[in-house]
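Undergrad: Next up is a structure, given as structure tokens.
Please treat every number below as a calculation from the coordinates, not as lab data. In this text, all values refer to a predicted model and were calculated from it rather than measured experimentally. Every residue, glycine as well, gets a Cβ built from its backbone with ideal geometry; the counts of neighbours run over all protein chains shown.
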Amino acid sequence: MSNALERLHDLEPSTEEFRAAVHAGLAQPQKSLPCKFFYDAEGSRLFEQICELPEYYPTRTELALLEAHAGEIARLIGPRARLVEFGSGAGIKIRLLLQALDRPAAYVPVDISREHLLAAAVDLARDFPTLRIAPICADYTQPFALPASAGVHPETTVGFFPGSTIGNFTAPEARGFLARARRLLGPGSAMVVGVDLRKDRNILVPAYDDAAGVTAAFNLNLLVRINRELDGDFALDQFTHEARWNDTLGRIEMHLVSRRDQEVRIGAERFRFREGETIHTENSYKYTLDQFRAMATDAGYRPEAVWTDPKGLFSVHMLRAD
Ligand SMILES: C[S@@+](CC[C@H](N)C(=O)[O-])C[C@H]1O[C@@H](n2cnc3c(N)ncnc32)[C@H](O)[C@@H]1O
């Protein structure tokens with residue numbers, strides 16, 4: 001392993017936090033579970049499979065945008081930047097920026113999925129052996145500090161938040177996240193954000209309900225994780241995956257639908273489900289360019305540039321903290 005790969009900064013949420021979130025979410029009139037808990041090792045593996053699906057246009061569209069505009073993004077970022085990636089996953093997209101940047105000073109991948117983060121950091125260290133890499137396993141909705149790496153004196157710090165993961169937040173949550181990121185990254189920093197755009201529901205719904213059933217397995221894996229880590233007894237064949245487009249709120253919703261009246265035990269607690277009742281597991285908000293720019297401005301950023309594909313499916317925004 002390269003010396004430039006630092007030891008993991010480990011702020012992984014505890015099983016107790018997972019238990020508290022599950023119990024609170026299932027006690028609501030509309031049952032819900034936080035989507036950040038999708039990502040155990042299996043959830044991350046399934047997400048990588050989703051990225052390869054023909055219906056899932058966001059990954060290939062964003063990759064093409066980054067490939068086409070990496071030079072311009074790198075010029076706007078400037079030399080010796082420290083990159084902080086939120087929800088770094090397999091770390092594929094950052095490679096396009098790292099290859100284009102002038103002597104990047106350091107890379108700080110932040111992800112809640114510990115094993116996946118470690119594996120991705122090792123892969124990246126192999127391919128960029130002189131790059132200082134400081135992985136942080138953390139929930140980025142909670143406060144955390146950037147590690148001070150010996151010998152690293154960046155000229156600027158840049159946040160990278162691809163994958164339209166920002167769409168998992170409600171608008172107030174997204175504004176709050178951007179404002180916190182701006183404070184974390186500091187004055188003069190920039191933020192590069194991938195944002196999925198509003199489009200026809202006939203494109204959106206299949207992207208979250210693919211023919212091969214991979215997104216269904218990803219959604220149901222949350223119940224598998226509860227069974228394993230919290231001593232639950234969800235019967236997996238008694239819940240079905242559903243993706244819905246909510247036109248009023250401009251979001252795709254993922255639900256797990258109970259196929260019958262049933263009772264589920266998690267540890268010592270019991271939860272009742274009526275037939276057809278759902279657990280709301282994820283939102284994926286879709287924005288217009290102007291909606292997202294207005295939100296970034298509210299969070300204290302100056303929208304500096306935006307790149308979109310010819311079909312207007314996806315956008316990559318460069319925001320500046322003056
Ligand atoms: C939609 S995937 C995107 C992955 C990758 N950035 C991409 O663009 O393909 C979301 C990523 O964010 C991570 N993640 C989700 N919620 C998180 C949270 N609250 N804190 C930290 N990481 C989170 C997941 O583990 C996953 O790697």
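Undergrad: In a GNM of the chain with a 10 Å cut-off on Cα contacts, which of 129, 162, 310 has the highest mean-square fluctuation?
TA: Of 129, 162, 310, the most mobile in the Gaussian network model is 310.
Undergrad: Only four residue types carry charge here, +1 at the Cβ of Lys and Arg and -1 at the Cβ of Asp and Glu. Report the dipole size of region 1-90 about the Cα centre in Debye, rounded to the nearest 20.
TA: Around 240 debye, computed over region 1-90.
Undergrad: What's the FRET efficiency of residue 9 with residue 49 using the Cβ-Cβ distance as r and R₀ = 25 Å, to the nearest 0.05?
TA: Result of the calculation: an efficiency of 0.30.
Undergrad: Further question: Read phi for every residue in region 241-250 and hand back ³J(HN,Hα) as whole Hz from Karplus 6.51 cos²θ - 1.76 cosθ + 1.60, θ = phi - 60°, with x for Gly and Pro.
TA: Result, rounded to whole Hz: 6, 9, 10, 10, 8, 9, 5, 5, 8, x.
Undergrad: Return the calculated 222 nm mean residue ellipticity for the chain, to the nearest 500 deg cm²/dmol, obtained by summing -39500 (n - 2.57) across DSSP H runs with n ≥ 4 and dividing by the residue count.
TA: Only helices count here, giving -11000 deg cm²/dmol.
Undergrad: For region 141-205, which chymotrypsin sites (Phe, Trp or Tyr not before Pro) pass both filters: DSSP loop (anything but H, G, I, E, B) and at most 16 other C-beta atoms within 10 Å?
TA: Answer by residue number: 144.
Undergrad: Using alpha carbons only, how many angstrom separate the centre of region 219-240 from the centre of region 145-173?
TA: Computed from Cα coordinates, the inter-centre distance equals 32 Å.
Undergrad: Let me ask something else. Nothing charged except the Cβ atoms of Lys and Arg (+1) and of Asp and Glu (-1): what's the magnitude of the dipole of the chain about its Cα centre? Round to the nearest 20 debye.
TA: Rounded to the nearest 20 debye, it is 760 debye.
Undergrad: Give the residue from 26, 13, 83 lying farthest towards the positive end of the charge dipole for region 1-108; charges sit on Cβ (+1 for Lys and Arg, -1 for Asp and Glu) and the dipole is referred to the Cα centre.
TA: About the Cα centre, the residue reaching furthest to the positive side is 83.
Undergrad: What lysines could a cross-link reach from residue 311, if we take a straight Cα to Cα line under 17 Å and drop same-chain neighbours fewer than 8 places away?
TA: Within the straight-line limit of under 17 Å, residue 311 reaches these lysines: 199, 286.
Undergrad: Let me ask you something else. I need the peptides 205-214, 278-287, 311-320 ranked by packing, meaning the mean over residues of other C-beta atoms within 10 angstrom, with the highest value on top.
TA: So the peptides 205-214, 278-287, 311-320, ranked by packing, come out 278-287, 311-320, 205-214.
Undergrad: Taking every Cα atom in region 170-285, find the radius of gyration and the maximum pairwise distance Dmax, and write them in Å.
TA: Calculated on Cα positions, Rg and Dmax stand at 17.8, 55 Å.
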